[in-house]
1. Can you tell me which condition Ser29 does not meet? The list is (1) in a strand (DSSP E or B); (2) modelled with pLDDT under 80; (3) polar (S, T, N, Q), and all the others hold.
2. Taking the stretch 125-143 as the region of interest, how many residues are part of a loop (DSSP other than H, G, I, E, B) and free of Cβ contacts under 8 Å to residues at least 60 places away in the same chain?
3. If we keep just the residues of the stretch 167-187 that are in a loop (DSSP other than H, G, I, E, B) and over 24 Å from Ala17 (Cα atoms), which is least open to solvent (accessible area, probe 1.4 Å)?
4. Identify the residue in the stretch 102-123 that is in contact (Cβ under 8 Å) with a residue 24 or more places away in the chain and in a loop (DSSP other than H, G, I, E, B) and, among all such residues, is nearest to Ala167 (Cα to Cα).
5. Within the stretch 45-84, how many residues are of a type in the set (D, E, K, R) and not in a loop (DSSP other than H, G, I, E, B)?
6. I'm told Pro160 meets every condition in (1) closer than 22 Å to Thr62 by Cβ; (2) part of a helix (DSSP H, G or I); (3) not charged (D, E, K, R) except one. Can you identify the failing condition by its number?
7. Would you please list the contacts, defined by Cβ atoms under 8 Å and residues six or more apart or on different chains, that run from a residue in the stretch 23-42 that is open to solvent by less than 80 Å² (accessible area, probe 1.4 Å) to a residue that is at pLDDT below 70 and of a type outside the set (Ser, Thr, Tyr)?
8. Would you pick out the residues in the stretch 144-157 that are in a helix (DSSP H, G or I) and within 18 Å of Leu105 (Cβ to Cβ)?
Amino acid sequence: GDFANLVLADLLVRFSARFPAVSLDLDLSPRRVDLLAENFDLAIRMGDLPDDASLAARQIATFSAGLYAAPAYAARHGLPAIPSDLEQHATLCIGGAGKVREWSLTQGKVRIEYRPKARIAANSPDLLVLLARRGSGITAVPDHYAAPLVARGELLRVLPDWCLPPAPAWAVFPGRRLMPAKTRAFLDMLAEALPGAMQRA
C-alpha cells in the first residue's frame with residue numbers, strides 16, 4: 001500500500017546494497033500476521049496495539065492526518081467552513097461490513113466526534129484517495145501522503161484548522177527471543193528512512 005511505496009522502496013534499495021547477503025521476504029497484505037507462528041522477524045502496524053506479552057514494539061513515527069478533497073470537487077460543491085457543514089457533502093470513508101469509521105476532529109482543545117454518512121465506504125485507503133482525487137468527495141488522508149498530491153494541485157486541505165488524531169506507527173517483533181542482527185539493522189534503517197513530513201516519536 002501507500003506505506004510500502006512511500007517509505008519502503010528507497011529503504012529496500014539501500015538495505016540490499018548495504019547488506020547483500022541478507023534476503024528479504026515481504027508480505028504487504030493488510031492482514032494481522034502471527035509473527036511467532038508464521039516466523040516473521042518484524043511487522044509494521046498502525047494505531048493502538050493490543051496487549052501481547054509475546055511481542056515487543058518500538059514506535060517509529062507518528063502520522064498526522066486531515067481531510068482532503070480535489071479542487072474539482074470544491075469548484076462544484078464548495079468546501080465546508082465548519083465540521084457540521086460536512087452533513088451537506090459527499091464523504092469517502094474507511095469502513096466495511098456496514099460500519100463506517102468515525103472521524104474525530106480536533107481544533108486545539110475542542111474535539112468533535114463525527115460519524116460521516118459515507119457516499120462510498122471501503123477498506124482501502126488507497127482507493128478512497130484515488131476517488132477523492134477524481135472529485136468524488138472528501139476523505140481522511142495522512143498528511144505526509146497528501147503533501148505531494150497537494151503540491152501537484154490534485155488535492156486541497158478541507159477544514160485546515162481541524163485535525164484527525166495522529167496515528168502511531170509501530171515496528172513489532174517477537175519479544176521472547178534475541179533480535180537477529182539483520183532485524184536490528186533493518187529497524188534502525190527504517191527509523192532513519194521515514195520522511196521528514198512525519199513526526200518522529
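The values are calculated or read from the model by the stated rules, or taken from the named source; none is laboratory data. Owing to the predicted nature of the structure, the values given are computational and were not obtained by experimental measurement. No Cβ is skipped: glycine too gets one built from the backbone with ideal geometry, and neighbour counts run over all protein chains shown. With ligands, DNA and RNA removed, areas are computed over all heavy atoms of the protein, side chains included. Shrake-Rupley method; radii C 1.70, N 1.55, O 1.52, S 1.80 Å.
1. (1)
2. Looking only at that region, the number is 0.
3. Per the criteria, the residue is Gly175.
4. Only one residue tops the list, namely Asn123.
5. 3
6. The one condition Pro160 does not meet is (2).
7. Qualifying pairs under 8 Å: Asp27/Val33; Phe40/Val33.
8. Result: Ala146, single match.
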